[in-house]
Amino acid sequence: MTLIKSISGIRGTIGGVVGDNLTPLDIVKFASAYGIWIRSHSDNNKIVIGRDARISGSMVQNLVMNTLVGLGFDVVDIGLSTTPTVEIAVPLENASGGIIITASHNPKQWNALKLLNSRGEFLNSNDGVEILKLAESSNLKYNEVDALGKISEVKNYIDIHIDQVLSLNIIDVNKIKSSNFKIVVDAVNSTGGIAVPKLLNKLGVEVIELYCEPNGHFPHNPEPLKENLTDLSSLVVEHNADLGIVVDPDVDRLAFVCEDGSIFGEEYTLVACADFVLGKTPGPTVSNLSSTRALRDVSQKHGCSHQSSAVGEVNVVEMMKKNNAVIGGEGNGGVIYPESHYGRDSIVGIAMFLNLLAERNLTALELKNKYPSYFMSKQKLQLNNDLNFEAIQEFLMNKYSSEKIDTVDGLKIDFEDSWVQLRKSNTEPIIRIYSEAKSQESADVLANSVIKEITNKFM
């Protein structure tokens, strides 16, 4: 069982020993630290709270909300929601911050607190460090009875979110409606089961629901990777559907299945959405160092520049703002469109993707075949006391000193037709090892050869 405290929030497995797991005491302590930090930066006493459909979600949310009430905050409870929905709700409510109760792609035993500022964006590293320090303080002080906050409920923010997306200038609702799409939706029994069918119904889509009951019982590993999408692929073919859509539990990661049941690929979600945006509003693009080279290629095809940031949404957003990027995101299926908000948003991504298919009169498979063909291997090594990441990094830098080396985020080694990156995860006690090449076999061989080099040297 695990508890991970990082600048992006607190994440862990429910139950167990205080300080080692995400227990009620840990939740209260961290929510208190966030509230005290907000109080030191703002006179506004309103905070927005929403959650995904995890089994532990109601418990965690009630602990968080009542802790904030004890600090004198007025809490806006938007209930079962999505990460991007909470992000847009914070500025619409004129709140001082927000917390999303979700462990994103992690399995059902996990939960987490994702922390937002008054713009509805994730906190930067300095803010995160301040909150971590406050959480370890013994001077947490709560309000007396006449100065307690209150909780109010607003339950229509998913509808508000969808309407905002459909009102974007770049989205042609009638064009999408005219295509009469039939689409299978896999929402892993979380809040995407509420949001995605609602969006598609407004776009005139015939929706076939798969795992869309928001009960928190994930029917498969909730990360939208190929090996987890066999049921979706089968149902797309069985129903002769145009497309399959899958989102993670908090709806900020998006992947598609083509009409023949093959995987469009989460790495290509952002590529397709960027292709759509750049065709209408050319400008710079940004993705992280672990994302496919295909976005760079598509950006250059449109005569636009592309920049890479460190992994992490806050790093992507920071570089997007610096470069005035018109679209950005991460290769894990995360699409960030500043005209909507600075956060990964599957609702925005779905609308863009369907608009692109409708506009170009292409199937998903035909669209995929028009993009540069890259293949990625995503591996991991369990991080323990016997495995020192810094020593591994130094070893590989020396071994591959003749290649292009990037240490902005872990270690990335760029070869002529491929690359491999190693970095410590911010959300799990692992080292992620990603590689990309012109064939799946080459990508797998590259990643596995690096793993073998590490194990031979250090294990």
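No lab work stands behind these numbers, since they all come straight from the coordinates. These numbers were taken from a predicted model, which means no experiment stands behind them. Here the Cβ positions follow ideal geometry from the backbone for every residue, glycine too, while neighbour counts run over all protein chains shown.
Descriptive notes on the structure:
- Pairwise Cα inverse-distance average, inverted: Kirkwood Rh of the range 36-95 (Å): 12.0
- Only one residue of Leu446, Asn384, Ile431 has its Cα farthest out toward the positive end of the dipole of the range 375-458, where Lys and Arg carry +1 and Asp and Glu -1 on Cβ, and that residue is Asn384.
- Three principal axis extents of the range 272-398 based on alpha-carbon atoms, in descending order, are 54, 32, 27 Å.
- Entry for the range 3-44 at q = 0.35 Å⁻¹: log10 I(q)/I(0) = -1.18, Debye formula applied to identical alpha-carbon scatterers, no solvent contribution.
- Dimensionless Rg/Rh of the range 1-132 - Kirkwood Rh, Rg from C-alpha atoms: 0.93
- For the chain: Kirkwood Rh in Å [reciprocal of mean 1/r, alpha carbons]: 22.6
- Relative contact order, percent, the chain [alpha-carbon distance under 8 Å, six or more residues apart]: 12
- From most to least packed by mean Cβ count within 10 Å, the peptides 286-292, 232-238 give 286-292, 232-238.
- Simple point charges give the picture: +1 on the Cβ of Lys and Arg, -1 on the Cβ of Asp and Glu, and for the range 3-155 a dipole about the Cα centre of about 320 debye.
- Angstrom value of the Kirkwood radius, inverse mean 1/r, which spans all Cα pairs in the range 211-261: 11.3
- Viscosity 1.306 mPa s, 10 °C: Kirkwood-radius Stokes-Einstein D of the range 65-189 over Cα pairs, µm²/s: 92
- All C-alpha pair distances within the range 375-458, sorted into 10 Å bins from zero, spread as 18, 55, 25, 1 percent across the bins.
- Footprinting exposure proxy for Met397, Met459 (fewest neighbouring C-beta atoms within 10 Å first): Met459, Met397
- Net length gained if the chain between Glu144 and Met397 were fully extended (0.36 nm per residue, minus Cα distance): 85.4 nm
- Each Lys and Arg contributes +1 and each Asp and Glu -1, all at the Cβ; summed about the Cα centre of the chain, the dipole is approximately 460 debye.
- Packing order of peptides 12-23, 385-396, highest average first: 12-23, 385-396 (average count of other Cβ atoms within 10 Å over each peptide's residues).
- Å³ per residue enclosed by the Cα convex hull of the range 145-284: 159
- DSSP beta bridges confined to the chain are antiparallel in about 60 percent of cases.
- Sorting the segments 328-337, 305-314 by their residues' average number of neighbouring beta-carbon atoms within 10 angstrom, most packed first, yields 328-337, 305-314.
- Percent of alpha-carbon pairs separated by more than 21 Å within the range 286-358: 19
- When the square roots of the Cα gyration tensor eigenvalues are ordered a ≥ b ≥ c, the ratio a/c for the range 87-145 is 1.5 or more and a/b does not exceed b/c, which makes its shape oblate.
- Cα-based equivalent ellipsoid of the range 161-368: semi-axis lengths in Å, sorted from largest, via gyration tensor: 25, 18, 16
- Loop-located GluC sites (Glu not before Pro) across the range 107-175 with a Cβ neighbour count of 12 or fewer within 10 Å are Glu136, Glu144, with loop assigned by DSSP.
- Net dipole in debye of the range 291-406 [+1 Lys, Arg Cβ; -1 Asp, Glu Cβ; about Cα centre; nearest 20]: 380
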